[in-house]
Amino acid sequence: MKPLNFEEKLVWYTIIGTYGLYIFGAQPIVIPIVAWILVGYLGKKLWHQSKGTPEAQQITIPFTAWLWIISMCIILVAIVIGNLNFNVDNIRLMKSVFKWTREHALWGLLPLVACLNIRPKLLYRAVCILCAQSLIVIPICYLAYLLRLPTSTLYVSPFAKIGGNSPDLYSLVLYFLDYDSNQVRLALFAPWAPNLALISLIYFFIARQETNIKWRRIGMIGALAMVLVSVSRAAILSFPVILLLTWLLTNFTRPGIYFATGIGSFFLSIFSTQITNFVNDFTEQVHSARATSSEARMNLVKLSLNKWWNEAPIWGHGYTEPIGPAIVYFLPIGTSGCGTWVNLLYTKGLVGFMAFAVPFLWSLVYLVTQAHRSAIARTGLSIILVFFFFSFTEELDLLAYLYWPGLLMLGLALRAETQLTSVSLRRPLLEG
């Protein structure tokens, strides 16, 4: 497997070089630059495209890709207005706009990049190679723990002065010890362990499409290993649910599904009390496993929603507060601990919330309608379900530079929209 053109080379070497970028703390800077370069290259190809361009080389941008880029531009408007409403200085405003170019913007840029000549199988293999690299790095990190090497940051990359945001994004850490249980957790090339869990689930569904059996097994095992070493509650709970939902949504048109659903609903109604009690007890055990984290998240959500509604319901605050009160362990109000949707309301208001929710829901519906006849659409459906589940615990836009292969895979799944349309338009001409 080798890249055949400029866009494939850039995607291929960026993915398999992830650990190299992490060691230098360059991920938050380099990956957004790669995305913008590819969009510029796409614009160049579109500029030179004409009626005489061979059909195999023509670029067509699907409606959903346009929807994403327009929605992300609306979020930019919300950021600017939110900042201006609170009379921030020009430096703070410029930082907010720069932050958008490498976070929310990637949700619009990468579906556009997918319109280039990038083969899905190249993405599958690159992800499998990265998962194989993780299988080598994981024992090294556990060895560091056994040798009692320091859990604190080994060093912070100089890129932190250029990129801004939390220094954790540019730090090299071998392992973490959980605050509540003192359990070892790994983050590998991610800044925090829960982030690794999100990326790992996305990589699992991408690696599952690899046609080479050996690489597919290595990729899937590597992805699951990353989930386990992250010790993420959200990943462990959501993984089987996403598998089940993907299967149900892919096969919902089959009569057997309706029959099985009816029988399942009947038994659920009989044992509803026992199931409800079990779920409540299980939820309580999950929260008590990391009581500090759960308490901080709940308080963050309450405070963020209260300040959003009372201070900036339409356009939001434009940015998160640097330091919160002691009740949330000094975490910033409106930050990632609140999840994506609360963060959107706090920082971008109702306008930004809807600007992200509309293309997200549209993409989900489209992939559901296509999943029964396209393996790429099924993969895209699984990925957007991962995003949905983690959107309640993680700030998705902040992590876009980490899970960007998932956004590219999502774009490749949405690209099938134009291919199906072109086929349906050509068929009557051929028949005539």
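Each row is one residue, and each column tells you yes or no for (1) out of contact with any Phe, Trp or Tyr (no Cβ under 6 Å at 6 or more places or on another chain); (2) within 20 Å of Tyr19 (Cβ to Cβ).
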{"position": "Pro111", "(1), (2)": "no, no"}
{"position": "Val127", "(1), (2)": "no, yes"}
{"position": "Arg148", "(1), (2)": "yes, no"}
{"position": "Ser171", "(1), (2)": "yes, yes"}
{"position": "Leu174", "(1), (2)": "yes, yes"}
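Inside the stretch 126-162, residues that are open to solvent by less than 20 Å² (accessible area, probe 1.4 Å), assigned to a helix (DSSP H, G or I) and over 17 Å from Gln183 (Cβ atoms) make up a count of 6.
Every residue in the stretch 166-222 that is charged (D, E, K, R) and in a helix (DSSP H, G or I), please.
Hits for the stretch 166-222 are Asp168, Lys214, Arg216, Arg217.
Residues that are part of a helix (DSSP H, G or I) and either among the basic types (Lys, Arg) or surrounded by fewer than 22 Cβ atoms within 10 Å (Cβ to Cβ) (or both) within the stretch 386-403 comprise Phe388, Phe389, listed in sequence order. Kindly indicate the residue of the stretch 230-241 that is part of a helix (DSSP H, G or I) and open to solvent by less than 10 Å² (accessible area, probe 1.4 Å) and also farthest from Tyr403 (Cα to Cα) among those meeting that condition. Only one residue tops the list, namely Ser238.
Taken over the stretch 313-350, the criterion of being out of contact with any Pro (no Cβ under 7 Å at 6 or more places or on another chain), at pLDDT 85 or above and among the small types (Gly, Ala, Ser) is satisfied by Gly316 alone.
Scanning the stretch 53-76 for residues that are open to solvent by less than 70 Å² (accessible area, probe 1.4 Å) and outside any loop (DSSP other than H, G, I, E, B) yields a count of 10. Checked against (1) in a helix (DSSP H, G or I); (2) crowded, with 16+ Cβ neighbours inside 10 Å; (3) not aromatic (Phe, Trp, Tyr), Leu116 passes all but condition (1).
Please enumerate the residues belonging to the stretch 138-162 that are among the β-branched types (Val, Ile, Thr) and free of Cβ contacts under 8 Å to residues at least 40 places away in the same chain.
First, pick out the residues of the stretch 138-162 that are among the β-branched types (Val, Ile, Thr): 138, 140, 151, 153, 156, 162.
Residues satisfying the conditions are Ile140, Thr151, Thr153.
Taking the stretch 77-100 as the search range and keeping residues that are open to solvent by 30 Å² or more (accessible area, probe 1.4 Å) and modelled with pLDDT of 90 or more, which one is nearest to Asn310 (Cα to Cα)? So, considering only residues that are open to solvent by 30 Å² or more (accessible area, probe 1.4 Å) and modelled with pLDDT of 90 or more, the one nearest to Asn310 (Cα to Cα) is Ile81. Taken together, the criteria place Phe353 among residues that are part of a helix (DSSP H, G or I), open to solvent by 20 Å² or more (accessible area, probe 1.4 Å) and modelled with pLDDT of 85 or more.
Table: residues versus (1) surrounded by fewer than 19 Cβ atoms within 10 Å (Cβ to Cβ); (2) in contact with a Gly (Cβ under 6 Å, 6 or more places away or on another chain); (3) over 23 Å from Thr101 (Cα atoms); (4) polar (S, T, N, Q).
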site: Pro3; (1), (2), (3), (4): yes, no, yes, no
site: Val11; (1), (2), (3), (4): no, no, no, no
site: Thr18; (1), (2), (3), (4): no, no, no, yes
site: Phe24; (1), (2), (3), (4): yes, no, no, no
site: Gln27; (1), (2), (3), (4): no, no, no, yes
site: Ile37; (1), (2), (3), (4): yes, no, no, no
site: Gly40; (1), (2), (3), (4): yes, no, no, no
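The values are calculated or read from the model by the stated rules, or taken from the named source; none is laboratory data. Bear in mind the structure is a predicted one, so any value in this text is a computation, not a measurement. Reconstructed Cβ throughout: ideal geometry from the backbone, glycine too, with neighbour counts over all protein chains shown. For the accessible areas, the whole protein counts, side chains as well, though only heavy atoms, and no ligand, DNA or RNA atoms are used. Shrake-Rupley method; radii C 1.70, N 1.55, O 1.52, S 1.80 Å.
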